[in-house]
Amino acid sequence: MTKNVSLTYREALKMAIREALHKDERVFLMGEDVGRYGGAFAVSKGLLQEFGPDRIMDVPLSESGFTGAGIGAALAGMRPIVEVMTVNFSLLAMDQLFNNAATLLHMSGGQLNVPVIIRMGSGIGRQLAAQHSHSWEPFFAHVPGLIVLSVGTHEDARGMLLGALESLDPVILFEYTSMLNLEKEIPEDSGVVDISKSKVRREGTDISLITYGTGVYKCLEAAEALEKEGIKAEVIDLRVLRPLDEATFLASVRKTHRALVVEDAWKSVSISSEIVSRIMEKAFFDLDAPVERLCGVEVPIPYPKHLEDASVPQVSDIVEKVKKMIKP
Amino acid sequence: MGTKANSSLDANLGQNLLKQMILIRRFEERAAEEYTKSKIRGFLHLYVGEEAVAVGVVQALNQEDYLLSTYREHGHALARGMNPNVIMAEMYGKQEGCSKGRGGSMHLFDSSLNFFGGNAIVGGHLPLAVGMALASKKQNKKNITSCFFGEGAAAEGEFHESLNLAALWEVPVLFVCENNRYAMGTALKYTHSMEDLEKKGEAYGIRSVAVDGMDLLAVMQAAAEAVEFIRETGKPFFLVCKTYRFRAHSMFDAELYREKSEVEEWKKKDPIPKFKEYLLKENLISQALVDELERDVEQEIENSVAFAENGTWEEASNLTRFVYSELKQP
């Protein structure tokens with residue numbers, strides 16, 4: 001019987017980075033304030049002292065410059081982990097990520113690999129207002145050549161980076177700052193995560209809740225509440241947003257015949273848009289009801305807590321929506 | 001090649017360098033011809049007039065050094081020793097091309113020559129160059145990274161971020177700015193508040209030199225000194241080569257932004273006749289040998305076109321190859 005350990009999301013992320021640094025001498029961490037400050041979110045606290053300044057590199061506020069340098073170092077045989085402090089600043093590095101990381105393998109006719117890992121603090125929920133509350137998963141998931149992962153659980157915080165380290169292609173990791181202090185139990189021997197597969201987080205027979213990121217724990221909590229009312233919801237954590245593992249969610253929909261897609265990102269042209277399209281294309285005749293979505297409201301995220309909460313789906317919204325879908 | 005490149009030029013080397021410049025010139029002219037015949041499509045940016053820069057700098061590098069260039073990179077690829085056949089085939093879009101036809105004129109790659117493109121977003125490859133040099137430093141390798149870009153790129157944020165990072169991290173990068181005076185169609189004086197571009201390098205504490213890019217010997221000497229400095233110190237160097245492109249920016253450019261007389265004036269500084277005259281005067285080459293070199297080049301160009309013509313189209317069923325790695329393990 002495997003023992004469980006209790007840890008925060010932050011601790012899980014840090015364990016993964018430490019393990020990567022120990023495991024592979026080509027790995028180094030570079031990012032704004034990752035060293036002396038200890039990481040903007042204290043994820044890399046103490047790593048500078050443990051691994052030294054060559055492997056834990058503070059960088060200036062030059063997102064395009066250091067992200068590109070990470071890509072260049074990957075081209076030349078290193079395994080850089082680039083921390084873009086928050087996803088909001090990733091827009092300044094978009095040229096490097098979209099024009100270089102995503103294209104070099106193809107443009108070179110298969111000659112060049114870009115095994116860089118980009119970690120970004122992401123998401124909404126800390127009253128940081130419009131410029132610091134972005135959910136850019138759909139942007140990145142749009143681009144062929146990138147592997148886009150969403151770290152929605154502690155188990156994935158512990159193991160996704162290690163899975164990414166086994167890839168020869170650029171990997172974008174969305175981490176969620178609102179979950180950093182959240183404590184959960186994971187099996188003590190948790191390790192490398194298969195970054196090609198989605199995961200059924202809870203089995204059920206009545207409806208599939210398909211989600212990622214901060215939606216995972218919300219959907220699990222909603223499923224718990226629904227269980228008390230006799231509704232068995234299955235929760236699918238997409239976790240790999242590109243290339244999509246459609247087999248997992250399609251199998252779930254074929255079993256439950258109902259689906260609700262939940263995400264924080266704005267509704268139009270989102271991850272859920274894609275999921276719903278795939279269900280229409282490949283599982284339409286398995287459905288007993290129209291697929292529905294709960295997404296971010298299309299507004300720059302406001303500062304006041306009550307308005308911020310109203311901008312993204314909450315557990316109660318999920319519960320209400322499911323009840324309507326099952327018992328119209 | 002030491003610092004006394006001028007006085008110690010060996011006849012074989014001189015002949016070889018002249019041939020490289022003629023090859024680039026004639027290759028570009030032939031590419032333009034093939035473009036007008038629609039054999040080559042997309043963007044085509046020619047290096048005519050700037051040959052001394054690529055040839056002069058690349059000869060100062062060794063095979064282990066990394067090289068990154070722009071979308072006007074045929075000259076750098078040829079100077080690096082890439083076979084004209086695979087470049088022409090690439091521009092034809094054939095799978096025998098150096099990038100299997102996936103890249104075209106702007107995206108020549110050859111990892112066996114440490115030639116990393118062929119990058120078509122202005123300034124976008126400068127951060128890559130810094131990262132590659134950083135990797136060399138971390139791996140205790142002795143190679144340097146050479147990065148070519150135009151003066152247009154020197155107005156990009158990525159230029160400034162990259163120079164700062166390279167100086168801050170003390171990594172072995174040779175930044176080569178090919179100042180051909182026009183960012184597409186906008187003249188230097190309309191794009192830079194400080195036209196002495198080398199001062200931008202100095203501002204970051206980087207040793208910086210400007211050189212006459214129309215003079216092969218001057219470029220060679222400056223490049224040799226720059227490379228020597230980088231190898232000795234591990235620090236970056238900023239070399240500005242003042243040059244000029246004789247032809248339009250691309251095949252779509254009507255050249256409304258400059259006077260024909262200005263182009264004619266610069267043609268008087270053509271690096272090829274200048275270097276040829278020098279070799280003849282110094283008895284490092286004979287006219288008969290010049291003629292022979294030119295015939296050899298003609299033949300190489302013919303061969304490259306034939307190679308491209310005989311190349312094959314990739315099956316459309318392969319379309320989605322090279323989006324993700326086919327190898328799984330690191």
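The values are calculated or read from the model by the stated rules, or taken from the named source; none is laboratory data. Here the structure is a predicted model, which is why all the values come from computation and not from measurement. Here the Cβ positions follow ideal geometry from the backbone for every residue, glycine too, while neighbour counts run over all protein chains shown.
Rundown of residues vs (1) loosely packed, with under 13 Cβ neighbours inside 10 Å; (2) touching a strand residue (DSSP E or B) at 6+ places or on another chain (Cβ under 8 Å); (3) within 24 Å of B:Gly56 (Cβ to Cβ); (4) of a type in the set (Gly, Ala, Ser), yes/no style:
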{"residue": "B:Val263", "(1), (2), (3), (4)": "no, no, yes, no"}
{"residue": "B:Lys268", "(1), (2), (3), (4)": "yes, no, yes, no"}
{"residue": "B:Leu279", "(1), (2), (3), (4)": "no, no, yes, no"}
{"residue": "B:Leu293", "(1), (2), (3), (4)": "no, no, yes, no"}
{"residue": "B:Asp296", "(1), (2), (3), (4)": "no, no, yes, no"}
{"residue": "B:Asn303", "(1), (2), (3), (4)": "no, no, no, no"}
{"residue": "B:Glu309", "(1), (2), (3), (4)": "no, no, no, no"}
| remark: A:Trp136: passes all of (1) buried (at least 24 other Cβ atoms within 10 Å of the Cβ); (2) away from chain B (no Cβ under 14 Å); (3) touching a strand residue (DSSP E or B) at 6+ places or on another chain (Cβ under 8 Å); (4) at pLDDT 95 or above but (1)
| remark: For region A:219-242, the count of residues that are surrounded by fewer than 16 Cβ atoms within 10 Å (Cβ to Cβ) and within 22 Å of the chain's Cα centre (by Cα) equals 0
| Mind checking which residues of region B:285-330 are closer than 30 Å to B:Ile24 by Cβ and either outside any helix (DSSP H, G or I) or among the small types (Gly, Ala, Ser) (or both)? | B:Ile285, B:Ser286, B:Ala288, B:Ser304, B:Ala306, B:Ala308, B:Gly311, B:Thr312, B:Trp313, B:Glu314, B:Phe322
| Which one of these does A:Gly159 not meet: (1) among the small types (Gly, Ala, Ser); (2) away from chain B (no Cβ under 14 Å); (3) surrounded by 19 or more Cβ atoms within 10 Å (Cβ to Cβ); (4) not in a helix (DSSP H, G or I)? | (4)
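Here's the yes/no breakdown for (1) among the aromatic types (Phe, Trp, Tyr); (2) more than 24 Å from A:Phe139 (Cβ to Cβ); (3) touching a residue at least 40 places away in the same chain (Cβ under 8 Å):
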residue	(1), (2), (3)
A:Val276	no, no, no
A:Glu281	no, no, no
A:Ala289	no, yes, no
A:Tyr303	yes, no, yes
A:Ala310	no, no, no
A:Pro313	no, no, yes
A:Val322	no, yes, yes
| Taking region A:52-111 as the search range and keeping residues that are touching an Asp or Glu at 6+ places or on another chain (Cβ under 8 Å), farther than 28 Å from A:Leu180 by Cα and without any contact (Cβ under 8 Å) to a residue 40 or more places away in the chain, which one is surrounded by the most Cβ atoms within 10 Å (Cβ to Cβ)? | A:Asp95
| task | Quick one: count up the residues across region B:294-330 that are within 30 Å of B:Arg26 (Cα to Cα), within 14 Å of chain A (Cβ to nearest Cβ) and without any contact (Cβ under 8 Å) to a residue 60 or more places away in the chain. | result | 0
| request: Looking only at region A:162-184, count how many residues are crowded, with 24+ Cβ neighbours inside 10 Å and in contact with a helix residue (DSSP H, G or I) (Cβ under 7 Å, 6 or more places away or on another chain). | output: 7
| remark: Flagged in region B:84-114 as in a helix (DSSP H, G or I), within 10 Å of chain A (Cβ to nearest Cβ) and surrounded by fewer than 24 Cβ atoms within 10 Å (Cβ to Cβ), in numbering order, are B:Ser111, B:Ser112
| Extreme residue, surrounded by the fewest Cβ atoms within 10 Å (Cβ to Cβ), among residues of region B:148-159 that are touching a Ser or Thr at 6+ places or on another chain (Cβ under 8 Å) and more than 9 Å from chain A (Cβ to nearest Cβ) | B:Ala155
| said: Please pick out the residue among A:Leu104, A:Leu112, A:Leu92, A:Leu149 that is over 19 Å from the mean Cα position of the chain (by Cα), over 30 Å from B:Ile87 (Cα atoms), in the same structural domain as A:Gly163 (by TED's automatic domain parsing) and among the hydrophobic types (A, V, I, L, M, F, W, C). | reply: A:Leu92
| request: Determine which single condition A:Val193 fails, assuming it passes every other condition in (1) closer than 24 Å to A:Ala74 by Cβ; (2) surrounded by 24 or more Cβ atoms within 10 Å (Cβ to Cβ); (3) assigned by TED's automatic domain parsing to the domain that holds A:Met120. | output: (3)
| request: Would you mention how many residues in region B:118-140 are in a helix (DSSP H, G or I) and either within 7 Å of another protein chain (Cβ to nearest Cβ) or among the acidic types (Asp, Glu) (or both)? | output: 10
| query | (1) surrounded by fewer than 24 Cβ atoms within 10 Å (Cβ to Cβ); (2) at positive phi: which one isn't true of B:Gly49, the others all being true? | reply | (1)
| B:Lys269 being of a type in the set (Lys, Arg), more than 14 Å from chain A (Cβ to nearest Cβ) and not in a helix (DSSP H, G or I) | yes
